[in-house]
Amino acid sequence: MTMLATIANYNDRIKAGKEFEKPIFDALAKVLAPRGITILPVTQEEDRYDKIDRWMVNPTKGRYSIQGKRRESGDDLIFEIVKNVCTWEPGRDLICGAQLYFFVDRHGCGWMYHTALIKDSVNKLMADAKADLIGNPGKTQWDGEGYEMRVTTDYARGNNKLMVFFNPRHFSILERFPELLS
């Protein structure tokens, strides 16, 4: 299978991404069903404009929007901060309206977080990178405790974007699903 990040056509990458995320949410729905929690699809508008992938409905705690990712390489939480470093346009993950961030690492382990905690950390890192790029325009990577931030190529758009890769234990984990995709 071709890695999603290397698919050059944007529409093809979105289509492949939707197919790639389906088993993630099907597995999550299966694990949560005994608790009475359901995973529901989003509308095209919610997906396109709010950048959310599913709704998680808990009869006692309410409805939460979810953004989901599945890692093909690496076991870190990945987050697109800036879509284009030349224009400093916010990345998909930064503008995402999801309340929960859910990802599955390459070993099939699922991890659930509050998105707001990730965004707080990302906003601080983004400010540091932006200031650093003004004084040192050739810099492409920043490392810190629990994260690596770097400029990468966006093959679909042909530009450079800013991504951060967090250790999954860098944030408080709402829930871990050890063998979600086994």
| query | For the residue pair Asp132 and Thr60, what label-to-label distance in nm results when each label sits 7 Å from Cα along the Cα-to-beta-carbon direction? | reply | 4.4
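Ignoring ligands, DNA and RNA, what percent of the accessible area of the chain is carbon or sulfur (1.4 Å)?
Carbon with sulfur: 51 percent of the solvent-accessible area.
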| remark: Summed over the other residues with a beta carbon less than 12 angstrom from that of Arg106, with K and R at +1 and D and E at -1, the charge totals -1
| To the nearest 10 square angstrom, what accessible area does Tyr49 show with a 1.4 Å probe? | 140
| message | If you restrict to DSSP beta bridges whose two residues both lie in the chain, what percentage is antiparallel, to the nearest 5? | response | 90
| message | At 1.4 Å probe size, put Glu72, Glu145 in order of accessible surface, largest to smallest. | response | Glu145, Glu72
| query | What are the radius of gyration and Dmax of the chain, computed over its Cα atoms and given in Å? | reply | 16.4, 54
| said: Give me the one-decimal nm value for the distance between modelled label points at Glu89 and Tyr49, 7 Å along each residue's Cα-to-Cβ direction. | reply: 1.8
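Remind me, relative contact order of the range 19-165 in percent, using alpha carbon pairs under 8 angstrom and six or more residues apart? Kindly include the intermediate steps, with their values, before the conclusion.
Details: 237 pairs, mean separation 28.7, N = 147.
Dividing the mean separation by the residue count of the range 19-165 yields 20 percent.
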| For the range 144-154, 3J(HN,Hα) per residue [Karplus equation, 6.51 cos²θ - 1.76 cosθ + 1.60, θ = phi - 60°, Hz, x = Gly/Pro] | x, 5, x, 8, 9, 10, 8, 7, 10, 7, 9
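Cα-Cα over 28 Å: which of Lys124/Lys161; Lys69/Lys161; Lys30/Lys161; Lys15/Lys139; Lys61/Lys130; Lys22/Lys161? Please report the intermediate quantities before stating the final value.
Working: Lys124/Lys161 17 Å; Lys69/Lys161 18 Å; Lys30/Lys161 35 Å; Lys15/Lys139 33 Å; Lys61/Lys130 38 Å; Lys22/Lys161 26 Å.
Beyond 28 Å: Lys30/Lys161; Lys15/Lys139; Lys61/Lys130.
Shape verdict for the range 47-121, please, from the Cα gyration tensor: rounded (a/c under 1.5), prolate (a/b greater than b/c) or oblate.
Details: a/c = 2.08, a/b = 1.25, b/c = 1.67.
In terms of gyration-tensor shape, oblate.
Would you rank Lys30, Lys22 by solvent-accessible area, highest first, keeping every protein chain in place and using a 1.4 Å probe? Walk me through the numbers before you get to the answer.
Values: Lys30 165, Lys22 105 Å².
Ranked from most to least accessible, the order is Lys30, Lys22.
Give me the accessible area per residue for the chain, probe 1.4 Å, as a whole number in Å².
On the way: 9830 Å² over 182 residues.
That works out to 54 Å² per residue.
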| query | Put Glu148, Glu179, Glu80 in order of accessible area, largest first, 1.4 Å probe: what do you get? | reply | Glu179, Glu148, Glu80
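Starting from 0.36 nm per residue, how many nanometres of slack lie between Asp75 and Lys22 once their C-alpha separation is accounted for? Intermediate results must be reported in sequence, preceding the final value.
Working: separation 53, 0.36 × 53 = 19.08 nm, distance 1.91 nm.
Residue separation times 0.36 nm, minus the Cα-Cα distance, leaves 17.2 nm.
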| Selection from Trp88, Leu77, Tyr101, by position along the positive dipole direction of the range 74-113 (Cβ) | Trp88
| With every protein chain left in place, what is the accessible area of Asp47 in Å² (1.4 Å probe, nearest 10)? | 30
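The values are calculated or read from the model by the stated rules, or taken from the named source; none is laboratory data. Computed from a predicted model, the values in this text were never measured in an experiment. Cβ: placed from backbone, ideal geometry, glycine included. Neighbour counts: every protein chain shown. Side chains are part of the model used for accessible areas, which takes the heavy atoms of the whole protein and leaves out ligands, DNA and RNA. Shrake-Rupley method; radii C 1.70, N 1.55, O 1.52, S 1.80 Å.
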